[in-house]
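Take a look at the structure set out below.
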Ligand SMILES: [Ca+2]
Ligand SMILES: [Ca+2]
Ligand SMILES: [Ca+2]
Ligand SMILES: [Ca+2]
């Protein structure tokens, strides 16, 4: 598209230098910007309007050569890896990451692009001495590990700061210490839960909950009807050491010798937590008029796989214990471990209450903030979705 003139002679100059039908060899330097690059050349002739002699050029031997003082060329590379233990060091067993885009800005501001190979390697070659910039593109699902970690050899560390490394390359230098480490980003799954309360929900409480707003760890919800209340909870990202409010349950048993009254939760989806071990459910719990002293009156919380066919008791208190620990109309916060069998799986839980025959006081439980969290000691070697 754009041509640069490198040699031009008039016909008088041509005649003076070569004569008619003269055969000669001429040397024309290749311009600097076309050295070490692909280029084309063209030959153009023009005849004056008053002169009808013919004009021929025949070229039969083109040589492209290099001077003996050619600059020594170097290279910059060479590795992008998965820093599983997040220490900023290339440790044994930590694999390379393929397909990562790496850009090299040359001293003349032009940019070259490479992609890491199947083993995480890249290499820019044919580089004269000068000031370069290497820019790494963070691969999807990863975040950068610590840069230039203290005490780690430069040959084994991660170099980019905000994705960029400045490199001063000497003549003929091959620098393979420009490496980048990444760790797996926390999972980014969100889940919406909707819960509708049963009719006459508010009548279970001495103070109506109508129009009351409650705040959980992941948002707020409002009781928007006297008859029913709907809550939508969007969980935050599943990641270690965070928790989220899940649903609301109310529970009531009343009357003498009422036997078990059950409340069963919707299915709880834990099929894709980042850190499935040591999950706990935390309940905020109100009790009302727990005055029964008969041990036959009690409250239980059970877990089951998602079909609810087989229940496992995980928490049980008699009314005497409830009263002893929490008193009447109290608000408490309890933590119940999710059984191992239900971690990383779908499950339901149920709350059951039983009233003794000789005690006719009412018995209520209201749970408004259920959280499923992971411990802060979660391993960093979990994998993303
Ligand atoms: Ca490491
Ligand atoms: Ca370094
Ligand atoms: Ca390095
Ligand atoms: Ca390296």
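The values are calculated or read from the model by the stated rules, or taken from the named source; none is laboratory data. As the structure is a computational prediction, the values presented were derived from the model and not from experiment. Don't worry about glycine lacking a Cβ; one is built from the backbone with ideal geometry, like all the others, and counts go over all protein chains shown.
Descriptive notes on the structure:
- Test: residue 180 is more than 8 Å from ligand 2 (Cβ to nearest atom), within 27 Å of the chain's Cα centre (by Cα), assigned by TED's automatic domain parsing to the domain that holds residue 99 and not in a loop (DSSP other than H, G, I, E, B): yes
- Some residue of the stretch 311-318 being in a loop (DSSP other than H, G, I, E, B), at pLDDT 75 or above and loosely packed, with under 15 Cβ neighbours inside 10 Å: no
- Test result for residue 155, in the same structural domain as residue 90 (by TED's automatic domain parsing) and within 14 Å of ligand 1 (Cβ to nearest atom): yes
- Residue satisfying all of: in the stretch 147-168; out of contact with any strand residue (DSSP E or B) (no Cβ under 7 Å at 6 or more places or on another chain) and in a loop (DSSP other than H, G, I, E, B); farthest from ligand 2 (Cβ to nearest atom) among these: 162
- Applying the criterion of being modelled with pLDDT of 95 or more and at positive phi to the residues of the stretch 71-108, the residue that is surrounded by the most Cβ atoms within 10 Å (Cβ to Cβ) is 88.
- Leading residue by the ranking (nearest to residue 124 (Cα to Cα)) among those in the stretch 154-175 that are surrounded by fewer than 16 Cβ atoms within 10 Å (Cβ to Cβ) and near ligand 3 (Cβ under 9 Å from one of its atoms): 155
- Here the stretch 126-146 is the region considered, the condition is being within 16 Å of residue 175 (Cα to Cα) and away from ligand 2 (no atom under 16 Å from the Cβ), and the residue that is nearest to the chain's Cα centre (by Cα) is 131.
- Residue 30 vs. criteria farther than 26 Å from residue 153 by Cβ and assigned by TED's automatic domain parsing to the domain that holds residue 176: no
- Applying the condition of being over 23 Å from residue 35 (Cβ atoms) and surrounded by fewer than 16 Cβ atoms within 10 Å (Cβ to Cβ) to the stretch 113-136 and asking which residue is farthest from ligand 1 (Cβ to nearest atom) yields 115.
- Taken residue by residue, the stretch 53-62 has no member that is at pLDDT below 85 and within 53 Å of the chain's Cα centre (by Cα).
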